[in-house]
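Let me begin by presenting the structure, written as structure tokens, before commenting on it.
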Amino acid sequence: MVVTRFAPSPTGYLHIGGLRTALFSYLWAKKNGGKFVLRIEDTDKARNSEAAAIGIVEAFKWLGLEHDGEITYQSQRDDIYKTYIDQLLDEGKAYKCYMSKEELDRLRESQMAKKERTRYEGKYRDFSGEIPEGAEFVIRIKSPESGEIIVKDGIKGDVVFNVKDILDDFIIARSDGSPTYNFVVAIDDALMGINEVIRGDDHLSNTPKQIVVYEALGFTIPMFYHVPMIHNSDGKKLSKRDGATDVMDYKKQGYTPQSLLNFLVRLGWSHGDQEIFSFEEMIELFDPKDINKSASIYNTEKLNWLSAHYIKNTSNAELSKLLEEYGLILSSHDKAEILLDEMKDRSTTLVAMKENIDEILKVPTEYDEKASKKAFKEGWSEVLNNFLTKLESAQELHLPNDYHKLMEEVVEEMEIGFGKIGMPLRVAMIGKMGGPGLDSIMAILGKAESIKRLKKCIGTQRG
Ligand code: GLU
């Protein structure tokens with residue numbers, strides 16, 4: 001069974017780069033009928049925040065990415081790590097190192113002076129001399145001293161590391177006894193049965209160390225997939241400046257979970273030239289072997305395009321539910337269907353959709369100056385008055401077309417162009433140019449409200 005995981009360090013918000021590897025891991029597990037587990041790597045007491053851990057869970061909930069089983073918190077597993085430290089010490093695969101900080105600093109300096117890679121040289125590896133009295137110690141693992149470590153990577157192929165270039169006997173427990181990052185990651189992945197690790201390739205250089213731990217403890221090494229980073233359009237690592245990177249900011253900006261997930265799945269993965277993937281299709285088609293070997297480029301236009309696509313193709317009932325989260329309650333509006341039909345084709349995000357809807361539903365407090373200049377030209381009040389008369393005496397007004405007919409009558413009777421009524425009427429209704437068809441706007445507002453806005457305009461506007 002395929003078991004994948006997402007293992008964020010809760011030191012801040014959930015970054016979209018992290019979410020993308022979480023999504024890949026989720027899809028791969030689900031495609032194989034396997035499990036996707038969540039492990040919070042909260043061992044860095046100084047940098048962790050509980051709020052960040054809660055934020056990660058909240059983001060998962062919003063996106064509908066469910067993890068299997070309970071969440072594992074590394075901070076609760078010290079006893080487990082300690083057992084393995086003791087085991088390695090007993091087996092002579094790890095040892096206590098009493099080197100003081102000063103001595104280590106001196107070693108580093110001399111290596112730097114010789115332009116050598118800074119590394120621990122194994123002074124206490126097979127030490128038989130006198131141990132400095134009362135000295136503190138750290139615990140180091142015995143790494144291989146020569147040869148190669150090969151990371152079998154499903155994206156990059158076999159990545160060969162020369163031990164001499166990358167390893168030394170690295171610390172697995174600090175002087176206060178706390179275990180270190182690469183040690184606990186390997187143990188947790190092994191104990192949690194993770195057999196496929198999908199993570200950012202910023203972790204590739206950690207993998208040889210983790211392999212040393214796997215081997216020392218006799219654990220099976222998982223398959224790795226190190227996913228290339230997401231870059232901005234300048235080819236640099238994605239940062240806050242490039243737009244939202246906190247997953248929950250996407251929600252605030254009005255993107256639906258579907259559009260964000262679709263956007264993310266295509267960042268670095270492709271299936272032919274297909275762009276739109278339902279969640280089910282993502283699960284069916286995702287395969288980490290199709291992840292690109294080079295960095296992917298973050299493209300806001302693409303996200304907006306997807307977002308517009310999903311809004312357009314979401315049912316009105318669902319949209320109205322989604323909009324409620326943005327403070328727009330349409331359930332009691334009798335023309336909600338017309339409103340949503342009109343607006344779903346012209347809104348990129350839910351926030352934009354709410355704004356577009358507000359622009360129609362809110363009574364305009366002032367009329368746009370430029371629009372007024374164009375609209376209120378000679379004869380406009382006569383045109384609007386004629387239309388008002390028709391509106392007031394009309395019986396059955398429901399659909400946009402009912403309003404359209406009234407406008408047509410005015411145009412024909414007065415022998416004027418459509419613009420002569422369209423422009424002043426539009427400003428009377430919404431205070432400016434733009435927006436959906438006037439007939440739809442009036443159908444949405446209804447007869448009484450349309451009359452009110454029309455009268456206000458005729459009464460207050462000069463020209
Ligand atoms: N905790 C690590 C991070 O948030 C990820 C560890 C891993 O995926 O192996 O960067």
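Restricting attention to the range 363-375, the residues that are assigned to a helix (DSSP H, G or I) and of a type in the set (D, E) add up to 1.
Could you check the range 185-206 and list, in sequence order, the residues that are hydrophobic (A, V, I, L, M, F, W, C) and more than 10 Å from the ligand (Cβ to nearest atom)?
Matches in the range 185-206: I187, A190, L191, M192, L204.
Which one of these does A317 not meet: (1) within 15 Å of T349 (Cβ to Cβ); (2) assigned to a helix (DSSP H, G or I)? Status for A317: all satisfied but (1). Once the range 173-190 is narrowed to residues that are under 32 Å from the mean Cα position of the chain (by Cα) and among the hydroxyl-bearing types (S, T, Y), the residue that is surrounded by the most Cβ atoms within 10 Å (Cβ to Cβ) is T180.
None of E378, E409, E413, E382 is part of a loop (DSSP other than H, G, I, E, B) and over 50 Å from the mean Cα position of the chain (by Cα) except E378.
Here's the yes/no breakdown for (1) farther than 26 Å from V2 by Cβ; (2) outside any helix (DSSP H, G or I); (3) within 15 Å of the ligand (Cβ to nearest atom); (4) open to solvent by 10 Å² or more (accessible area, probe 1.4 Å):
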position: K152; (1), (2), (3), (4): no, yes, no, yes
position: D158; (1), (2), (3), (4): no, yes, no, yes
position: D168; (1), (2), (3), (4): yes, yes, no, yes
position: P208; (1), (2), (3), (4): no, no, yes, no
position: Y214; (1), (2), (3), (4): no, no, yes, no
position: H226; (1), (2), (3), (4): no, yes, yes, no
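If the condition is being touching a Ser or Thr at 6+ places or on another chain (Cβ under 8 Å) and open to solvent by less than 20 Å² (accessible area, probe 1.4 Å), then the range 38-61 contributes L38, R39, I40, E41, A52. The residues of the range 427-448 that are of a type outside the set (S, T, Y), assigned to a helix (DSSP H, G or I) and open to solvent by less than 40 Å² (accessible area, probe 1.4 Å), listed by number, are V427, A428, M429, I430, L438, D439, I441, M442, A443, I444, L445, G446. Could you list all residues from the range 410-431 that are among the acidic types (D, E) and in contact with a Lys or Arg (Cβ under 7 Å, 6 or more places away or on another chain)? Passing the criteria: none in range. Set side by side, the residues L350, L323, L328, L397 differ, and just one is of a type in the set (A, V, I, L, M) and over 26 Å from the mean Cα position of the chain (by Cα), which is L397. Going by what's in this entry, would K362 be described as open to solvent by 60 Å² or more (accessible area, probe 1.4 Å) and without any contact (Cβ under 8 Å) to a residue 12 or more places away in the chain? Yes.
Residue pairs whose Cβ atoms lie under 6 Å apart, separated by 6 or more positions or on different chains, with the first residue in the range 181-204 and under 24 Å from R140 (Cα atoms) and modelled with pLDDT of 95 or more and the second open to solvent by 30 Å² or more (accessible area, probe 1.4 Å) and within 12 Å of the ligand (Cβ to nearest atom), are N182/N206; N182/K209.
Looking only at the range 277-312, residues that are closer than 28 Å to M343 by Cα, aromatic (F, W, Y) and not in a helix (DSSP H, G or I) come to 2 in all. Number of residues in the range 78-130 that are over 20 Å from E215 (Cα atoms), open to solvent by less than 30 Å² (accessible area, probe 1.4 Å) and touching a helix residue (DSSP H, G or I) at 6+ places or on another chain (Cβ under 8 Å): the value is 1. Has the range 229-240 got at least one residue that is closer than 23 Å to F24 by Cβ, outside any strand (DSSP E or B), hydroxyl-bearing (S, T, Y) and at pLDDT 95 or above? Scanning the range 229-240, I find no residue that is closer than 23 Å to F24 by Cβ, outside any strand (DSSP E or B), hydroxyl-bearing (S, T, Y) and at pLDDT 95 or above, so the answer is no.
In the set (1) out of contact with any helix residue (DSSP H, G or I) (no Cβ under 8 Å at 6 or more places or on another chain); (2) farther than 30 Å from F161 by Cβ; (3) open to solvent by 50 Å² or more (accessible area, probe 1.4 Å), the condition left unmet by D202 is number (2). As a summary of the residue check, G177 satisfies the conditions (1) within 11 Å of the ligand (Cβ to nearest atom); (2) not in a strand (DSSP E or B) except for the one numbered (1).
The values are calculated or read from the model by the stated rules, or taken from the named source; none is laboratory data. As the structure is a prediction and not an experimental result, all values here were calculated from the model. In this analysis, Cβ positions are derived from the backbone assuming ideal geometry, glycine residues included, and neighbour counts consider all displayed protein chains. In case anyone asks, the SASA skips ligands and DNA or RNA and just uses the protein heavy atoms, side chains included. Shrake-Rupley method; radii C 1.70, N 1.55, O 1.52, S 1.80 Å.
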